[in-house]
Amino acid sequence: MSTFVLVPGFWLGAWAWDEVAAPLRAAGHGVHPVSLPGLAERAGEQGDFGLEEQIADLAGRLVREDLWDVVLVAHSGACAPVGGVADRLPERIRRVVHLDSGPMADGTSVSDLWPPDFRAEADATAVDGRLPAPSWEYLAAHGSSTEGLDGAALERIGARLTPQPVGSYRDRLRLTGAGAALPQALVSCSLPLEQVRAMIAAGHPWFAGMAGPGWELRELPTGHWPMFSRPADTAAVLAELAAI
């Protein structure tokens, strides 16, 4: 049996994993969904909560709960804090799984991956150091597909989103390389795996880090939020990758 630590993307909390955690737990796995500082039930916490604070908080949870041999799952923008923890505590991690996400290079920020207009809009709409979630239509227009989610689902999910601390996407990730040899995996949802392989081969900056050894690639066709659109299948592919 495996130990999963599930880290959601922007505006989400541990609640986002409810329908993924249930089948994993039913199969006997240990499952630890995460709410990062300043988000979800932690939205009332005071602080800037930049990337380093997120990394420290996540690392502290692994140590505090004595978690070892962890399958560390990063959805979307959680690639940054997960990458930081993998660099700082590689001895505790069995595999890093990027769920419609990807590895971050040293010295980069999540906002570096955004189109210029999306980055400018984020800067313009952030309030008191927090970025409210844009509309689903705006997110979809900028590459975050809502495939598999109807209007009722989007309304239900949207009601639970909380503003994202701006430091989490503006701050640059600093890596020592200590976690570079960890086994890693991609579960591609928004893009066909054939397209991803072509972009890896072409050295595309979003995918260039997947060219090395130790990578497992999987495809789960759906939108950018598979924990909502295909939760049982998400659990199944995570269990499969943990068993390798």
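The values are calculated or read from the model by the stated rules, or taken from the named source; none is laboratory data. What you see is a predicted model, and the numbers here were worked out from it, not measured in a lab. Reconstructed Cβ throughout: ideal geometry from the backbone, glycine too, with neighbour counts over all protein chains shown.
Couple of notes before you dig in:
- Taking (1) under 15 Å from residue 78 (Cα atoms); (2) touching an Asp or Glu at 6+ places or on another chain (Cβ under 7 Å) in turn, residue 172 satisfies each apart from (2).
- Residues that are within 14 Å of residue 171 (Cβ to Cβ), at pLDDT below 95 and not hydrophobic (A, V, I, L, M, F, W, C) were ranked within the range 25-66; the one that is surrounded by the fewest Cβ atoms within 10 Å (Cβ to Cβ) is 47.
- Selection count where residues are β-branched (Val, Ile, Thr) and either in a strand (DSSP E or B) or over 20 Å from residue 93 (Cα atoms) (or both), scope the range 21-36: 1
- Residues located in the range 43-91, provided they are under 15 Å from the mean Cα position of the chain (by Cα) and on the phi > 0 side of the Ramachandran plot: 76
- Of all the listed residues (66, 106), the sole one being without any contact (Cβ under 8 Å) to a residue 24 or more places away in the chain and not in a strand (DSSP E or B) is 66.
- Each residue in the range 156-170 was checked for being of a type in the set (A, V, I, L, M) and under 10 Å from residue 129 (Cβ atoms), and 1 pass.
- When residues of the range 103-146 are limited to those that are over 18 Å from the mean Cα position of the chain (by Cα) and of a type in the set (Asp, Glu), the one surrounded by the most Cβ atoms within 10 Å (Cβ to Cβ): 121
- Test for residue 200: is it at pLDDT below 95, closer than 21 Å to residue 73 by Cα and outside any loop (DSSP other than H, G, I, E, B): yes
- Residues being in contact (Cβ under 8 Å) with a residue 12 or more places away in the chain and either in a helix (DSSP H, G or I) or among the aromatic types (Phe, Trp, Tyr) (or both) - total across the range 153-169: 7
- Single residue of 228, 207 found to be crowded, with 16+ Cβ neighbours inside 10 Å, aromatic (Phe, Trp, Tyr) and either modelled with pLDDT of 90 or more or closer than 21 Å to residue 14 by Cβ (or both): 228
- Here residue 187 meets the list (1) among the hydrophobic types (A, V, I, L, M, F, W, C); (2) surrounded by fewer than 16 Cβ atoms within 10 Å (Cβ to Cβ); (3) touching a strand residue (DSSP E or B) at 6+ places or on another chain (Cβ under 9 Å) almost entirely, failing just condition (2).
- Within the range 170-184, restricting attention to residues that are out of contact with any strand residue (DSSP E or B) (no Cβ under 8 Å at 6 or more places or on another chain) and more than 30 Å from residue 126 (Cα to Cα), the residue that is surrounded by the most Cβ atoms within 10 Å (Cβ to Cβ) is 180.
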